[in-house]
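Colleague: Quick one: the structure is below, questions incoming.
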Amino acid sequence: MPGRIFGSNWKMYKTVAETTAYLREFKELRRRLPEDLYLFQIPSYTALAAAREILAGSGIHLGAQNVHWEDEGAYTAEISPRMLVELGVEIAEIGHSERREHFGEDDLGVNRKVIAALAHGMTALVCVGETMTDKEYGVSDEVLARQVKMALHRVQPGQLGRIMLAYEPVWAIGERGVPAPPAYAGERQGTIRSVMKQLYGQPGAGVPVLYGGSVNMENARDLLRQPEIDGLFVGRAAWDAARFVELIEFALS
Ligand code: PGA
């Protein structure tokens, strides 16, 4: 994957009208940024069709915040990979900590979703991260290793080009989150990379690992300077298009 990677998960924010306004502005402002960046946006399901139209030909990649593992079936309110591909979705975000915390997603389900997303030609963006309890008990690296190994179970080496990992410590995410110190985040990402190397050899070590969790105008540059951090996965600080572009410029400066 070329250059650095920057993207945003919009969670349950922004209507179709708000999405449209944001993406029009972001597409314009994006011209200020280096061309070799890999940029992606992950709006809500309801806004995907509108987002696709605006982003067509822009080189900005479109993601969905979740995906079901079956092509179709009696799964009320779920969205299948076929449905997402039909809408032009290229990235399936899987296993975000809010999905794990509020909707009972576990590592087995994450794995099924990864396999399904890959089977449909999407990139799987797999989120992993330890809780504060894991950190306090000194098992962060074990937890990350387990999450990565289970998420990628049965993923073939030839599919690694369509895997992105996001390290998002649960305690660092959202309003009550405390940003991870860059050196700490870099170390955990190093753990993730060594697990990938253990699983797949050198090609595994080449899979991009993003950092997410309270990325902001104070910490973005120091985070991106960590050799193990390939990009930033941003929530709140990205939901204003101009601020997100400024944050990317600052991170790269
Ligand atoms: P935040 O969200 O940047 O608002 O902490 C990050 C995330 O949930 O991916």
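The values are calculated or read from the model by the stated rules, or taken from the named source; none is laboratory data. These figures come from a predicted structure and were not determined experimentally. Note that we place each Cβ from the backbone using ideal geometry, even for glycine, and neighbour counts take in every protein chain shown.
Colleague: Can you run down the residue pairs with Cβ atoms below 7 Å, 6 or more apart or on separate chains, where the first is in region 136-156 and touching a residue at least 24 places away in the same chain (Cβ under 8 Å) and exposed (fewer than 15 other Cβ atoms within 10 Å of the Cβ) and the partner is among the β-branched types (V, I, T) and in a helix (DSSP H, G or I)?
Modeller: R154/I115
Colleague: Which ranges mark the helices (runs of 4 or more DSSP H) fully within region 146-235 that have 3 or more residues being in contact with a helix residue (DSSP H, G or I) (Cβ under 9 Å, 6 or more places away or on another chain) and more than 16 Å from the ligand (Cβ to nearest atom)?
Modeller: 182-200, 202-205
Colleague: Another question, then. Any residue in region 168-193 that is among the charged types (D, E, K, R) sitting within a Cβ distance under 7 Å of a residue that is within 10 Å of the ligand (Cβ to nearest atom) and at pLDDT 95 or above? List the pairs, counting only those 6 or more apart or interchain.
Modeller: Partner pairs satisfying both residue conditions: E168/S97; E168/C127; E168/G129; E168/G212; E168/G213; E168/F233.
Colleague: Can we say A64 is more than 18 Å from the chain's Cα centre (by Cα) and either away from the ligand (no atom under 16 Å from the Cβ) or aliphatic (A, V, I, L, M) (or both)?
Modeller: no
Colleague: How do the pairs read when you match residues in region 23-48 that are surrounded by 18 or more Cβ atoms within 10 Å (Cβ to Cβ) with residues anywhere that are part of a helix (DSSP H, G or I), using Cβ under 6 Å and keeping only pairs 6 or more apart or on different chains?
Modeller: Final answer for the pair search is L23/A51; L23/I54; F26/A241; P43/T19; P43/A51; A47/V16; A47/T19.
Colleague: Tell me yes or no: at least one residue of region 97-104 is more than 16 Å from the ligand (Cβ to nearest atom) and crowded, with 20+ Cβ neighbours inside 10 Å.
Modeller: Looking for residues that are more than 16 Å from the ligand (Cβ to nearest atom) and crowded, with 20+ Cβ neighbours inside 10 Å, one finds none in region 97-104, hence no.
Colleague: If I ask for residues that are among the hydroxyl-bearing types (S, T, Y), assigned to a helix (DSSP H, G or I) and surrounded by fewer than 18 Cβ atoms within 10 Å (Cβ to Cβ), which ones from region 13-22 would you list?
Modeller: Hit for region 13-22 is T20, nothing else.
Colleague: Also: For region 126-133, check the following and say yes or no: at least one residue is more than 17 Å from the chain's Cα centre (by Cα) and charged (D, E, K, R).
Modeller: no
Table: residues versus (1) within 27 Å of E35 (Cβ to Cβ); (2) over 18 Å from the mean Cα position of the chain (by Cα); (3) at pLDDT 95 or above.
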| site | (1), (2), (3) |
| --- | --- |
| R154 | no, yes, yes |
| R162 | yes, no, yes |
| R176 | no, yes, no |
| E246 | yes, yes, yes |
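Colleague: In addition: T76 passes all but one of (1) touching a helix residue (DSSP H, G or I) at 6+ places or on another chain (Cβ under 8 Å); (2) assigned to a loop (DSSP other than H, G, I, E, B); which number fails?
Modeller: (1)
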